[in-house]
Every structure is written in structure tokens, then in C-alpha cells.
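Only the coordinates and a few stated rules stand behind these numbers; no lab work does. Here the structure is a predicted model, which means the values were calculated and not measured. All Cβ positions, glycine included, derive from the backbone under ideal geometry; neighbour counts span all protein chains shown.
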Amino acid sequence: METRSQWGTRAGFILAAVGSAVGLGNIWRFPAVAYENGGGAFFIPYLFALLTAGIPILIMEFTIGHKYRGSAPLSFKRMNKKTEWLGWWGVLVAFVISTYYSVIIAWAISYSIFSFNGSWGTDTEGFLFGEYLNLAEVPGQIGSLVPGVFIPLIIVWAVVLGILFKGVKKGIEIANRIFIPALVILFLIIVIYALTLPGALAGLDAFFAPDFARIADPDVWVAAYGQIFFSLSIAFAIMITYSSYLPKKSDITNNAFIVGFGNSSFELLAGIGVFAILGFMATAAGVGVDEVVAGGVGLAFVVFPAIINEFPFFNEFFGFLFFASLVLAGLSSLISITETYVAGLVDKFNISRTKAVLFGGGLAAVISLLYATQGGLYFLDAADYFINQFGVALIGLVEVVMIAWVLRELKGLQTHANGISDIRLGSWWTICLSVVTPIVLGYMMFGLFKQNLL
Ligand code: PFF
Ligand code: NA
């Protein structure tokens, strides 16, 4: 048996974990979620969720991977023979996410090229759904492959699988050492440019204006927890996998704080950039910022191209920077999700990394072709909805309840982490994981089931 791969440096691990966390969720999800849930006031539930669930769970997952030194299924199995399935559940969710996350990165590649020829024209919505995606008229109809999506999608998978073939230190670590600093630089340029636009301040006013009354609404708290879970890539088995490659001597608690705050800083930066740009658009059109706010696919591929058309200077260059940063942020996350099941296969079947990348990554790549068809967007929406409703929060809930109450493993993990960290985990950590997080997530799941089943 080969010895387990290891990160070359502490910075390499931190960059890879930040690379996993910083993704589309920071750029196109956070700004809209914050705006819709109280603006400046949203930072209260958001910080609460970060400190009571996000960072505590991150510390827990880092500790599990480090202590049991395995992919998620193997680590859970070593913790207790009966909990291997919990790791596979996370692995399965990661697999499904990777099949469609890759497609959005492919779109971003196309759009970074379109920004130079102004291909999207003035009807950006018609362009996305009509000319580019060639979307089927009827939901559920598959239609034919769309070459504009198919070709960049092949590139995405070639890059990701190529990096994973090279392994943890020579592949994942080096890629993130290049991608993440590049992403931060691109994004800083974007934000500085955005702040110089006329109307930028109106956008920031709208973003930060606090609506404190909203804090009384439980849905706002649910939104904060949901954002933290998705954004930190926790409960998908990813962070367990990454920390299983840490050397014995690693300050995992400290690392978790760096990753948690690093991700949130990027989120804040994205909020400022996105709203400065929306403020520019609203001012130019003579409407309120609330009329132009969008998130997700609509923000990145419809609203932004339309705004970029109106920029006073550097339009092409700005468009390229924006879509290239989506590509970098997306790729570093896709690498982490794909590694999660690659590692699961290696540990379970004792096969080489090369075979695991070929089988696991290859299968995901083939399935992702479904989303590169004319019906692709409908399937993508369905998969994303399903994952968000029944994947993330539910796994998080089952995970903390199992570890805190069924297996009673928290104390052991705490001792392990404290033995190698400068930061001591006290009762703050155990109370958050055994009481606060289960109550909030339980409430969230209850609400979701009620909404879906009743
Ligand atoms: N944390 C990433 C983001 O905020 O975009 C998203 C993500 C990465 C989700 C990896 C899931 C995942 F497995
Ligand atoms: Na994120």
C-alpha cells in the first residue's frame, strides 16, 4: 500500500481549503442573500452562524480527517464501523454537485471569450437562453448537445482531471497556489474599478442599509446558516478529505479560523463589488437599486453582461476579468469536490489514484454532458434544487447529532485538536456542536419538510 499523500506546506493546505470554500457561492449567492435578508442587519445572524456552526463544524471536520487519516467514508468507518455510510452520503452529494458545477464553469469560459467580441449583444437574456444555450422549448426534453457548452466543458474536465492525476502536492496544491492569488488580484481589480463607477455608492447604501426588524424573522436565520454551510463547503465530505493529507503536526483549529474568515472576507468583498456595479446600473437607468438586484445565473450571465455593455471604459477587459474570476473560483471548488470521491474510491477499493480519477472523474464528466444539451438548464435547476433542499443541511444535522450524541465522539476530537493547537477548544465548541447547531438545523429541516410535503 502507498503511504498517504501529504500537503507540501501549511500555506498549500490553507490555499486549497480556501479554494474549495471560495466559489460561485461567494460571488453570486452571498450578495443577493444578504440583501434580501436585512442588508447590513444580515451580518448579525451571518456572524452568529459562522461562529456557532461554520467554524466549529470546520474544526470538527478538519479534526476527523486529521485524526483518522482517511477520505470521509474511511474516516467515519475508523471512528465507528457503523458510520461509514455517512461518509458515502457526503461523497454522493459531492459527486452530484460536481456534475453540474462543472457546466457553469464551462459557461463562464465561453463568456470570458464572448466579452471580447461583445457576442451577447443588447438582449442578454435572449442571447443566454436562445443563441448560447439553445434551450429546449419543453422542460424535460433533452434535445441535442450544444457545442458552445460541450467544448468548454471538455476543457474543464481535462484541466480538473489533469490536476488530480498529479496528486495532492504536485497537482491540487500547486494549482491552488496559482489560482487563489490570481483570483484575489483579479477580484481586487474588479472591486476597485466598480467603486469608481458613478452610482457605486448608491449600490453600497442599498447593500449595507440595515433592516433590523428582519432579524426577528426565523427565515433570515435559516438563510444565514444555509449560506454558511454552502459557502464553507462543510458537510460534503470535502474538508475531511483535505485535512486527511495534513502532516501530524498541524494547528488545525487555527487553520479552520483562517479558512472561515478568509472565505467570509472574500464574500464581503464580492458583496461590495457586486452592489457597486448594481448601483451603477440603477443610477444609469434612473431606477432604484432594488429593481436591478439579482443572484445566481441571472446575475452573472444576464444582468452583468447587460451592465458591462454600459461601462464607460474597459468593457471588454472588465468582462474578461469577471468571467475569468468565476472560472478560477469555480475550478478550485470543483477540484475539491472531485477529489472527495476520488479519495473515497482509492481508500475503499485500494486502487491507484490514476484509476480512481479515470473512473470517478470520468463518470462525472460523462454525466455532466446531460447538462450540456438543449434541456440542460432544466436538469441543472432540478439537481441544484434537490441538493440544496435535501443534501447540505440534512447531512450537517445527521453528522453533528451522530458525533455529539450517538457516538459521543466530541470529547475525543476535542482532545485531539487541543493536543496540536495553540488555540484551546473549550465548552464554546462542544455546546455549539451538541446544542446550538442541532437545534437550528433541526428547525431548518422541519421547515423544509413542511414546505415540501404539506
Ligand atoms: N463553497 C463553494 C462556494 O461557495 O461556491 C461551493 C461548493 C464547493 C459547494 C464545493 C459544494 C462543494 F462541494
Ligand atoms: Na464559499
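For ARG10 and ALA285, the FRET efficiency from 1/(1 + (r/R0)^6), where r spans their Cβ atoms and R0 equals 60 Å, is about 0.80. Modelled this way, with points 7 Å down the Cα-to-C-beta line, the labels at ARG424 and GLU36 are 4.4 nm from one another. When you count the other C-beta atoms within 10 angstrom of each residue and take the mean per peptide, 199-207, 307-315, 168-176 line up highest first as 168-176, 199-207, 307-315.
For THR373, the residues whose modelled amide H falls within less than 5 Å of its own, excluding neighbours fewer than 5 places apart on the same chain, are VAL146. For the residue pairs LYS77/LYS355; LYS348/LYS411; LYS348/LYS450; LYS67/LYS166, the C-alpha atoms sit more than 30 angstrom apart in LYS348/LYS450.
Placing pseudo-labels 7 Å out from each Cα toward the beta carbon at LYS169 and GLN451 gives an inter-label distance of 4.6 nm.
Estimated at 0.36 nm per residue, the fully extended path between LYS81 and THR415 surpasses their Cα-Cα distance by 118.1 nm. Taking the simple approach of a point 7 Å from Cα along Cα-to-Cβ for both LEU201 and ASP123, what is their distance in nm? Those two pseudo-labels are separated by 3.9 nm. The alpha-carbon of LYS249 sits under 16 angstrom from the alpha-carbons of these aspartates and glutamates, leaving out residues fewer than 8 places away in its chain: ASP422. Residues within the reach of a label modelled at PHE261 (point 7 angstrom out along Cα to beta-carbon, backbone nitrogen below 19 Å), restricted to region 28-63, are 43-60, 62.
Each eigenvalue of the Cα gyration tensor of the chain, multiplied by 5 and square-rooted, gives one semi-axis; in descending order these are 34, 26, 21 Å.
Distance from the alpha carbon centroid of region 382-454 to that of region 14-56 works out to 17 angstrom. As a calculated quantity, the FRET efficiency between ILE154 and PHE386 at R0 = 22 Å, using C-beta atoms, amounts to about 0.30. Spatially, region 71-89 and region 308-371 are offset by 25 Å when compared through their Cα centroids. Backbone N atoms of region 34-78 closer than 12 Å to the 7 Å Cα→Cβ label point of LYS248 are not found in any residue. Counting only Cα atoms, region 307-439 measures 55, 44, 30 Å along its principal axes, largest extent leading. Angle of helix 437-453 to the longest C-alpha principal axis of the chain, folded into 0 to 90 degrees and rounded to 10: 60°.
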